[in-house]
1. Please report, to two decimal places, log10 I(q)/I(0) for the stretch A:174-266 at q = 0.16, 0.25 Å⁻¹ as given by the Debye formula with identical point scatterers on the Cα atoms and no solvent.
2. Would you mind computing Rg(Cα) / (2.2 N^0.38 Å) for the stretch B:89-244, counting N as its residues?
3. Could you give the radius of gyration (one decimal) and Dmax (whole number) of the Cα atoms in the stretch A:29-110, in Å?
4. Nearest 500 deg cm²/dmol is fine: what mean residue ellipticity at 222 nm does the protein assembly as shown get from its DSSP H runs of n ≥ 4 alone, each adding -39,500 (n - 2.57), divided by its residue count?
5. For the stretch B:39-93, report the translational diffusion coefficient in µm²/s to the nearest whole number, using Stokes-Einstein at 4 °C, 1.567 mPa s, and a Kirkwood Rh over Cα pairs.
6. Karplus couplings for the stretch B:215-227 from phi (6.51 cos²θ - 1.76 cosθ + 1.60, θ = phi - 60°), rounded to Hz, Gly and Pro as x?
7. What is the calculated FRET efficiency for B:HIS75 to A:HIS129, with r their C-beta to C-beta distance and R₀ = 25 Å, to the nearest 0.05?
8. Can you tell me, using C-alpha contacts under 8 Å and at least 6 residues apart, the relative contact order of the stretch A:3-265 as a whole percent?
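Any read-out appearing in this document is the output of simple, stated calculations on the displayed coordinates, not a laboratory observation. The shown structure was predicted, so the numbers you read here are calculated from the model rather than taken from an experiment. When we count neighbours, we look across all protein chains shown, and the Cβ atoms used for this are built from the backbone with ideal geometry, even at glycine.
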Amino acid sequence: MSTIMAVQHLSAGYGRTTIINDQTLTIEAGVITGLIGPNGSGKSTLLNVMNGFRAPLAGRVLLKDRPLSTFNHKQRAAEIACLTQHPVAPEGITVAELVSYGRYCHSKGLGWLRRRDQISVTEAISTVHLTAFKDTLVSELSGGQRQRAFIAMTLAQNSPIMMLDEPTTYLDLPNQLETLALLRQLNQVHKKTIIVVLHDLNQAATYCDQLVCMTQGRVNAVGTPKAVLTHELLATAFHVSADIELNANTQRPQLTNCQPMAAVAQ
Amino acid sequence: MTRRGRFNLLVTGLLLVAIGLDLFGGAHWFSPLSVISPGTSQAVLLGMRFPRTLCALMVGALLAVGGLLLQTVSHNPIADPSILGINAGATLALVIGGVSGVALTVGHAALLALIGAGLAYVIVLLLAVAGTGVDPLRLLLGGTVFSGFISCLTYAISVVTNTTQAFRNLLIGGFSGVDYGQVSLLAVATVIVVGLTWLNRASFTLMALDHETFKGLGASLPVLWGLTTIVIMVAAASSVAVAGNIGFVGLGVPQLVNAIIPGSFKQNLGPTLLTGAGFMTLADFCVKGFVAGTELPLAALSAIIGGIALFGLVAFGQKVIRL
């Protein structure tokens with residue numbers, strides 16, 4: 001496995017507030033890395049520095065051994081596609097129109113969609129199973145379909161890396177599972193390197209190859225789900241106790257009988 | 001034929017009818033044939049009617065495109081240069097200039113209007129700065145209040161100095177007495193505005209997305225805001241310098257187009273431009289043709305026609321205008 005992104009002695013925050021202080025991390029190419037951690041632990045901040053939305057306060061982010069700051073906007077978007085937490089589509093645009101926006105980073109000059117762009121758009125729509133809806137208005141889609149339309153838009157960017165900030169948060173269970181299965185398919189079939197912020201630890205353990213646990217702005221643990229999800233980490237990072245079992249089929253750890261630590265203490 | 005195709009065909013047809021009516025109709029109706037037969041009719045058509053219709057077409061297009069752009073980039077369906085006080089600022093600058101003795105030639109008028117529009121834009125933006133950036137709601141509320149304030153000031157100056165009649169066109173809007181000087185000014189403005197929006201339509205389209213998604217797609221905000229400012233300044237200043245402060249078109253035409261054919265910025269740019277041009281030309285025909293011997297106030301007429309259209313949209317949804 002090779003390193004595709006590296007974070008070196010990174011400090012990041014908003015204005016004078018430092019949220020992440022001097023942290024180092026590497027991301028392997030071709031795997032799904034899950035960012036986990038309690039609310040306010042710095043997951044989104046880390047993601048927003050790694051995708052170039054925010055400049056680090058100190059340290060640097062390397063993309064393919066080159067500082068991320070040396071990429072211009074379009075070059076960066078051609079390497080990293082991002083799905084934000086609350087993507088908002090303008091009124092009155094169709095799925096095909098939305099997905100075509102993903103081709104912006106490959107456009108030159110006047111921005112006509114070329115034949116190659118049209119093919120990428122069609123492929124992206126069919127990958128997320130929305131071909132029947134390509135001429136439907138985005139505003140008329142269900143929550144799950146809408147999320148898939150935005151994933152198709154990031155797919156059309158044709159970038160080796162995808163970063164998704166809590167893509168399952170506003171979806172019901174079937175749509176959550178469908179989205180995660182889609183991410184796995186993108187990883188296995190399309191060889192995408194995926195970095196995803198997830199809250200559900202069982203889903204993170206099932207669908208991610210690597211987990212990075214953040215606590216209070218520090219990278220607390222890095223490794224396979226089996227190595228990261230320990231009783232000790234659950235206690236220190238989440239203040240939760242749980243039974244950890246290995247799923248017989250997937251050999252991934254699953255938490256059952258989760259209890260807040262305060263309740264156990266009583 | 002698609003809904004979009006039918007709409008474009010209909011609007012192009014209406015545009016041609018409007019051009020015909022505005023050119024040959026009015027207080028005096030001319031035969032289209034008189035264009036090619038030398039005489040007084042030909043002189044009036046070429047010297048007065050042609051420049052007037054050309055001005056109406058271009059002002060309508062400029063205001064509609066300016067409105068569509070501002071609505072897209074500010075994520076606000078009711079944004080419009082006239083609501084933000086930009087047109088009012090240009091009007092005030094022209095009235096102050098005129099009262100203090102500046103000869104309002106085409107060049108002077110354009111320059112004054114540009115200064116006024118620019119100052120108003122900066123003031124409204126400063127009013128809207130909150131914390132880390134420009135708050136769209138503050139932009140709109142601040143702009144509306146500022147616009148009202150500036151308009152009152154303009155009327156006050158004009159009334160106190162007894163110049164309401166001299167500035168009639170400016171205050172209530174209108175195309176009477178325009179010549180080829182104003183046509184050239186608007187032509188330059190139209191080339192700048194339509195050129196810049198057309199060349200950058202893919203980028204402007206992305207500005208309708210939320211800020212983070214926009215960044216993630218590889219677009220850059222500062223350059224686009226700069227271009228937006230240039231386009232809106234030029235569109236508002238040139239149309240005010242020629243035809244005075246005309247509201248509604250910038251707000252209502254993009255709304256109307258988007259209600260009938262929902263679409264993105266780049267999809268609706270052309271139809272909005274054509275509709276704006278047609279609307280303004282038709283309004284100008286009504287202004288000079290309804291009451292013989294009198295020019296009705298164009299700004300009021302535009303607001304009335306537009307108000308009825310918008311009221312229809314709100315009251316009946318899209319049912320009444322299904323194509």
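1. Evaluating at q = 0.16, 0.25 Å⁻¹ gives log10 I(q)/I(0) of -0.71, -1.38.
2. On the way: Rg = 17.6 Å, N = 156, 2.2 N^0.38 = 15.0 Å.
Cα Rg divided by the expected 2.2 N^0.38 Å: 1.17.
3. 15.2, 45
4. One gets -17000 deg cm²/dmol as the mean residue ellipticity at 222 nm.
5. Estimated diffusion coefficient is 98 µm²/s.
6. Karplus-based 3J(HN,Hα) across the stretch B:215-227 equals 5, x, 7, x, 8, 10, 6, x, 4, 5, 5, x, 4 Hz.
7. Values: r = 30 Å, r/R0 = 1.20.
For R0 = 25 Å, the calculated efficiency reads 0.25.
8. In percent, rounded to a whole number, it is 23.
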